[in-house]
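All remarks here apply to the structure that follows.
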Amino acid sequence: MSLSRKDRPLYLQIKSILKERILYGVYPLGTNIPSEPQLEQEFKVSKITVRGAIQELVQEGLLEKGSGKGTKVIRNKAASKWSKWKHFTEILVEDGHRIRKEWLSATVVWTEEGSEAHQLFGDRCMKLERVYYLGDAPYIYYDHYVILAGKEWELSDVRESSLYELLEEQGISPEKLRDEFAVSIPPDKVKQILCLSDATPVLKRSRYSRDAQGQVVEYSIGYYNTELQNYVVDYDA
């Protein structure tokens, strides 16, 4: 796998990739991640770079290094400052599902007058598209609209970091989230990506992420094919 040689240090790019694999079940809880020589070969980097990435994940409590025993996954959920309950994808991973995320595009767009994105961000904003796979089946499609602030992201940027990490790198910290749910017939493009028939309804989730001043910094629309898997929320009493 090739990494970007600009902007972010290589060990942080590798850390993000390994962390995503842990969170989405590619490296299951209780198993070892690939050895350092294997990761060196995959990412075409030095031993020091791989060790730096692993050490970051050890400090976050996701990995544990054992002398002569490899590096084991000991936690597969990320800390969240927004809620006490688990992310939907974390629940699926704990239930034994394998989740894979694919970013399709990242570009600056002119918003359509009268659209929700235009009302929130004005004439221009970043638009990002991604798909989640449940096993090998396309399961969730997302459009993300993000406020323009600082650097315009490229597809390589979002592949190497999470969306919220990129926002925080630009000094934007979402403090409040609002989710709205509805049943919807998705647009034709989404039907094609999720392999849906024309009459198939899906769960539509709209998310508004606001900063401390109440300004919306990210607006997203997700379409879930609940014929494959119901949307699940676990609450701690």
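The values are calculated or read from the model by the stated rules, or taken from the named source; none is laboratory data. As the structure is a computational prediction, the values presented were derived from the model and not from experiment. All Cβ positions, even for glycine, are placed from backbone atoms using ideal geometry, and neighbour counts span all protein chains on display.
Got a number for residues in region 18-34 being surrounded by 19 or more Cβ atoms within 10 Å (Cβ to Cβ) and either of a type in the set (A, V, I, L, M, F, W, C) or at pLDDT 85 or above (or both)?
6
Residues of region 209-226 being more than 16 Å from the chain's Cα centre (by Cα) and either acidic (Asp, Glu) or surrounded by fewer than 18 Cβ atoms within 10 Å (Cβ to Cβ) (or both), which ones?
210, 211, 212, 213, 214, 215, 226
Only residues that are surrounded by 14 or more Cβ atoms within 10 Å (Cβ to Cβ) and over 14 Å from the mean Cα position of the chain (by Cα): list them for region 155-183, please.
Answer for region 155-183, where residues must be surrounded by 14 or more Cβ atoms within 10 Å (Cβ to Cβ) and over 14 Å from the mean Cα position of the chain (by Cα): 169, 170, 172, 174.
Out of everything in region 81-120 that is surrounded by 12 or more Cβ atoms within 10 Å (Cβ to Cβ), in a loop (DSSP other than H, G, I, E, B) and modelled with pLDDT under 85, what residue ends up being nearest to the chain's Cα centre (by Cα)?
Checked region 81-120; the qualifying residue nearest to the chain's Cα centre (by Cα) is 87.
Out of (1) under 30 Å from residue 8 (Cβ atoms); (2) loosely packed, with under 13 Cβ neighbours inside 10 Å, the odd one out for residue 197 is which?
Result: residue 197 passes all but (1).
Looking at residue 131, is it surrounded by 15 or more Cβ atoms within 10 Å (Cβ to Cβ), touching a helix residue (DSSP H, G or I) at 6+ places or on another chain (Cβ under 7 Å), modelled with pLDDT of 95 or more and within 29 Å of residue 228 (Cβ to Cβ)?
yes
From 139, 145, which residue is surrounded by 15 or more Cβ atoms within 10 Å (Cβ to Cβ), at pLDDT 90 or above and either in contact with a Lys or Arg (Cβ under 8 Å, 6 or more places away or on another chain) or part of a helix (DSSP H, G or I) (or both)?
The conditions single out 145.
Exactly one condition in (1) modelled with pLDDT under 90; (2) of a type in the set (S, T, N, Q); (3) under 21 Å from residue 110 (Cα atoms) is false for residue 209; which is it?
(1)
Quick one: count up the residues across region 35-63 that are more than 21 Å from the chain's Cα centre (by Cα), outside any helix (DSSP H, G or I) and surrounded by 15 or more Cβ atoms within 10 Å (Cβ to Cβ).
Of the residues in region 35-63, 1 are more than 21 Å from the chain's Cα centre (by Cα), outside any helix (DSSP H, G or I) and surrounded by 15 or more Cβ atoms within 10 Å (Cβ to Cβ).
Suppose the filter is closer than 29 Å to residue 152 by Cβ, among the charged types (D, E, K, R) and at pLDDT 90 or above; does residue 6 pass it?
No; evaluated as a whole, the condition is false for this residue.
Does region 121-129 contain at least one residue that is acidic (Asp, Glu) and over 16 Å from residue 146 (Cβ atoms)?
Here is the first cut: in region 121-129, the residues acidic (Asp, Glu) are 123, 129.
Filter once more, keeping what is over 16 Å from residue 146 (Cβ atoms): none.
Scanning region 121-129, I find no residue that is acidic (Asp, Glu) and over 16 Å from residue 146 (Cβ atoms), so the answer is no.
Filter region 153-200 down to the residues that are in contact (Cβ under 8 Å) with a residue 24 or more places away in the chain, in a loop (DSSP other than H, G, I, E, B) and under 16 Å from residue 140 (Cα atoms) and list them by number.
Those that are in contact (Cβ under 8 Å) with a residue 24 or more places away in the chain, in a loop (DSSP other than H, G, I, E, B) and under 16 Å from residue 140 (Cα atoms): 186, 195, 196, 200.
Would you pick out the residues in region 201-237 that are in a strand (DSSP E or B), touching a helix residue (DSSP H, G or I) at 6+ places or on another chain (Cβ under 7 Å) and closer than 23 Å to residue 95 by Cα?
Scanning region 201-237 gives a single hit, 223.
Name the residues in region 121-136 that are over 12 Å from the mean Cα position of the chain (by Cα), among the hydrophobic types (A, V, I, L, M, F, W, C) and not in a helix (DSSP H, G or I), would you?
Within region 121-136, 125, 126, 134 meet the criteria.
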